[in-house]
Amino acid sequence: MTTLPNPRESRTVRPAGRLAGLSRLARTATTVAALTVAATQLAGCFPVLAGAMAGGVTMATDRRPTGTQAIDRGLQLEAENTLNSRYNGQARVSVTVYNRKVLLTGEAKNNEVKQQVEQYVRGLPNAREVIDELEIVSSPSFATQSQDTYITSKVKTMLITTEGIPSNSIKVVTEKGVVYLMGVVTPAEGDRATDVARNASGVVKVVKAFDYISETERARLDAAASSQNPPPGESGSAVPGQSAPAQPAPLPAPDTTAPGATASPVTAPVSSPVALPPGRNLP
């Protein structure tokens, strides 16, 4: 495949630190992948390519401490496994966790089942907030949601390729065309991400479930994420298989002065993350 020149490379660019380099790397990878899709016209491969573009720099730019990321994965696995076995045939529940905030999407057979699901999740020790978006449907459908998966991949790619959006600190979930956005962002970043998602074809509605922070906290968290997860090959890089720090730095309380900010405080992650059950990997 012929590599097309990047017009940005002809300009003199002064490094602005490790985060600026990671941002340029991510956008370069995005451009190459987008050109590949356009050249081959393999629409079916779009979700795979989108996931690959986002995966390379996720750990290096995620504003959550590594300990919180582990807690989120463990909490999601625990909730999904329990709900799938306990309410098989009565509910189809998708669980998404970011910064210990739990989003429930899908369908429940009746209001009683919906309340039982929410009550169970609220009782989990690591869940600090639960957003219940389950719909009441007499016969919950277990059909694959290929269109929702495609929309999610498309929105993720659009976020990656837009300036001023911390795409790897934003979680995208789609249910019946409704896009849910979770993450740790400033109000300006959240509004920008919402506008991008709203303009994606096939999106019915965008629901914001962000934790808002100030510009000062944004700079601190980005610097902490960069130092905590340095790029591979640099001094201080994490060794493959190395466990997360035992005492992750807590995330700040959301900026409650911002419009639409979450009122509940963001508590510090617990010191001992939930152990991950074997046999299943999360994105």
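Looking only at the range 111-126, which residues are out of contact with any strand residue (DSSP E or B) (no Cβ under 7 Å at 6 or more places or on another chain) and assigned to a helix (DSSP H, G or I)? Step through it out loud before you land on a result.
If we filter the range 111-126 for residues that are out of contact with any strand residue (DSSP E or B) (no Cβ under 7 Å at 6 or more places or on another chain), which is where we start, we get 112, 115-116, 119-120, 123-126.
Passing the criteria: E112, Q115, Q116, Q119, Y120.
The rows are residues; the columns are (1) under 19 Å from the mean Cα position of the chain (by Cα); (2) surrounded by fewer than 16 Cβ atoms within 10 Å (Cβ to Cβ); (3) farther than 23 Å from V204 by Cβ.
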site	(1), (2), (3)
V121	no, no, yes
T149	yes, yes, no
V155	yes, no, no
I165	yes, no, no
Out of (1) closer than 19 Å to V173 by Cα; (2) in contact with a strand residue (DSSP E or B) (Cβ under 8 Å, 6 or more places away or on another chain); (3) touching a residue at least 12 places away in the same chain (Cβ under 8 Å), the one L77 does not meet is (2)
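Give the range 189-208 a look and list any residue that's among the hydrophobic types (A, V, I, L, M, F, W, C) and touching a helix residue (DSSP H, G or I) at 6+ places or on another chain (Cβ under 8 Å), or say none. Explain how you work it out, then say what you get.
Taking the range 189-208 first, the residues among the hydrophobic types (A, V, I, L, M, F, W, C) are 193, 196-197, 200, 203-204, 206-207.
Those that are among the hydrophobic types (A, V, I, L, M, F, W, C) and touching a helix residue (DSSP H, G or I) at 6+ places or on another chain (Cβ under 8 Å): A193, V196, A197, A200, V203, V206.
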Considering the range 192-219, residues that are surrounded by 15 or more Cβ atoms within 10 Å (Cβ to Cβ) and among the charged types (D, E, K, R), and then whichever is nearest to Y98 (Cα to Cα), we arrive at D211
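Hey, does the range 95-103 have a residue that's modelled with pLDDT of 95 or more, more than 16 Å from the chain's Cα centre (by Cα) and among the β-branched types (V, I, T)?
Here is the first cut: in the range 95-103, the ones modelled with pLDDT of 95 or more are 95-103.
Those still in the list that are more than 16 Å from the chain's Cα centre (by Cα) too: none.
Scanning the range 95-103, I find no residue that is modelled with pLDDT of 95 or more, more than 16 Å from the chain's Cα centre (by Cα) and among the β-branched types (V, I, T), so the answer is no.
The values are calculated or read from the model by the stated rules, or taken from the named source; none is laboratory data. Predicted, not measured: the structure shown is a model, and the values here were computed from it. Virtual Cβ from ideal backbone geometry, glycine too; neighbours counted across all protein chains shown.
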